[in-house]
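The values are calculated or read from the model by the stated rules, or taken from the named source; none is laboratory data. Given the structure is predicted, the values throughout are model-derived calculations rather than measurements. Positions of Cβ are backbone-derived with ideal geometry, glycine not excepted, and every protein chain shown enters the neighbour counts. Quick note on the areas: whole protein, heavy atoms, side chains included, nothing else; ligands and nucleic acids left out. Shrake-Rupley method; radii C 1.70, N 1.55, O 1.52, S 1.80 Å.
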Amino acid sequence: MFGLLIFCVAISLLLYLVNNYTYWKARGVLHERPLPLLGNFKGVGRKYSIRDVSERVYEKFKNFAPFAGMYAFLTPTLLIFDLELVKCILIKDFNNFHDRSIFNNVKDDPLTGHLVTLEGEQWKAMRTKLSPVFTGARMKFMLPTIVKVGQQFTEALADAFENSSDQILEIKDFCARFTTDVIGNCVFGVECNSCKDPQSEFRVMGRSIFNEPRHHPIVQAFITTNPKLARRLRMKIIPDKISAFILNLIHQTIDYRIKNKVKRNDFVQLLMELRNETELEQKNEKLEKIDLSLGLSIEQMAAQAFVFFIAGFETSSTTMSFCLYELAKHPDIQAKLRLEIETVLKQYNNELTYEALNSMSYMEQVVAETLRLYPVLPVLVRKCCQFYQVPNTTLSIEKGTIIWLPVSAIHRDADLYEEPENFKPERFEPSQIEKRHPCAYLPFGDGPRNCIGMRFGKMQTKIGLISFLREYSVGLCDKTEIPVQLDPKNILISAKNGIFLKMSKV
């Protein structure tokens, strides 16, 4: 009987795999041939990243169809090539594609219940509630705080510069320390002191999120690409010490502000205004859905703070470090940017104001070109929420289909950008932008579900670069990798071996 049971299970598994891995063939969609269990993800997390897979499929099929099929382990996934169809998915027909299908398990892993993973009406309500913290007025209010952190950043650089025998520094860590302090101040209202102390608790926790994942890269990739199955298996993705740190931080901050009647114009204050006041009188049950009519629980507040913590420091520090890397490779562009910084600041009495920052048009082009070459999120994920007929074709997308929009592949497409591997900020002069399809550039996504923190991220990136470039120039050295090797274990784009640059006083 036991042998018969094993045989039946094996046959059932075989039939499931055959049925699953013929999904695209049965629908007449171009696709790569999958391997059992791995799909088209062989080597992901070890030799290849998700970025590599999307670029491979893009290059193979982009000239033959508006999209192609692939298999993210067990999940049939549709990779979109046609920019008009990308525009439909992100903007015109957003109501058909409003969900991201990103892993969350609110019951067992409460910090995963944040704005990035929420779906449907829960996402819409939360987005509406959180949007006021990222208005232009709020950005202008936060700017002096970020400028102050920028001064601490340059002081930390000065100490490292003076204590270095060869003036060669690993720049990504310094950028991450700067953005960690910015997030600590602007989101949590906490002085982190990461610039002065690289072993500060905030910096250690931020570093461990990406350097010490909960699972092996293959398991991480499985959870990412099979969110429903992972949730049914009650899997977690956030390390316990990170969850405990964020939850404890939110508890302490809120308790302190309530007891001392402290109010600050930061993200935690906004969350406090959304708080479920009755929670104090009730048992703190782990809710599986966010009910904004009741207000947010402590765990739900912590989840929102968590996503802005990781998104705020990692994305901007990555952009800063890759930008400095390209400026080191292109000293002429670096000199032109420094000249603009000094010229504009002189017009504003050498004070970095919100207006001065927005006057730096070449800085905007340099940052935009950095994000083209190194989009921190190389793929945008969407889910088809109802049957969709692709406009002007006989093709259709079935409800529940997972969709990938290959941002990095689009950004490096030679048909869209001449000499795409070269760093050319002039691509983002207004006249050049007008010539391109609006969805040829997607570092922050587009449409109603674009990155809510885009303004904040760009602002802290620019202030960090200004603080650096006013004091130092950067150049290449023997330790500089050309080209830079990207980390296959990281879903986000990241330099595997760091970014080492030669510094000189201006």
Subject >> Considering residues of region 198-214 that are assigned to a loop (DSSP other than H, G, I, E, B) and open to solvent by 70 Å² or more (accessible area, probe 1.4 Å) only, the residue farthest from I237 (Cα to Cα) >> reply: Q199
Original post:
What number goes with the only condition from (1) acidic (D, E); (2) farther than 18 Å from H411 by Cβ; (3) touching a Gly at 6+ places or on another chain (Cβ under 9 Å) that D52 does not pass?
Top reply: (2)
Original post:
Would you say L271 is modelled with pLDDT of 90 or more and of a type outside the set (D, E, K, R)?
Top reply: no
Original post:
When you look at D240, is it open to solvent by less than 80 Å² (accessible area, probe 1.4 Å) and of a type in the set (D, E), yes or no?
Top reply: no
Subject >> Options Y325, Y374: the member that is under 17 Å from the mean Cα position of the chain (by Cα) and among the hydroxyl-bearing types (S, T, Y) >> reply: Y374
**OP:** Filter region 344-381 for residues that are polar (S, T, N, Q), assigned to a helix (DSSP H, G or I) and touching a residue at least 24 places away in the same chain (Cβ under 8 Å) and give the result.
**Re:** Q365, T370
**OP:** Go over the candidates I6, I11, I91, I102 one by one and state the one that is farther than 30 Å from A495 by Cβ and either modelled with pLDDT of 90 or more or assigned to a loop (DSSP other than H, G, I, E, B) (or both).
**Re:** I91
Subject >> Residues satisfying the stated conditions in region 455-472, i.e. within 21 Å of D332 (Cβ to Cβ) and open to solvent by 30 Å² or more (accessible area, probe 1.4 Å) >> reply: R470, E471
**OP:** Could you check how many residues of region 98-109 are open to solvent by less than 20 Å² (accessible area, probe 1.4 Å), farther than 15 Å from G445 by Cβ and either more than 18 Å from the chain's Cα centre (by Cα) or among the charged types (D, E, K, R) (or both)?
**Re:** 2
Original post:
Across region 385-411, what is the number of residues that are closer than 16 Å to G445 by Cα, in a loop (DSSP other than H, G, I, E, B) and open to solvent by 10 Å² or more (accessible area, probe 1.4 Å)?
Top reply: 0
Original post:
Does any residue in region 17-31 that is over 11 Å from Y71 (Cβ atoms) come within less than 7 Å, Cβ to Cβ, of a residue that is in a loop (DSSP other than H, G, I, E, B) and open to solvent by less than 60 Å² (accessible area, probe 1.4 Å) six or more places away or on a different chain, and which pairs are these?
Top reply: L30/A65
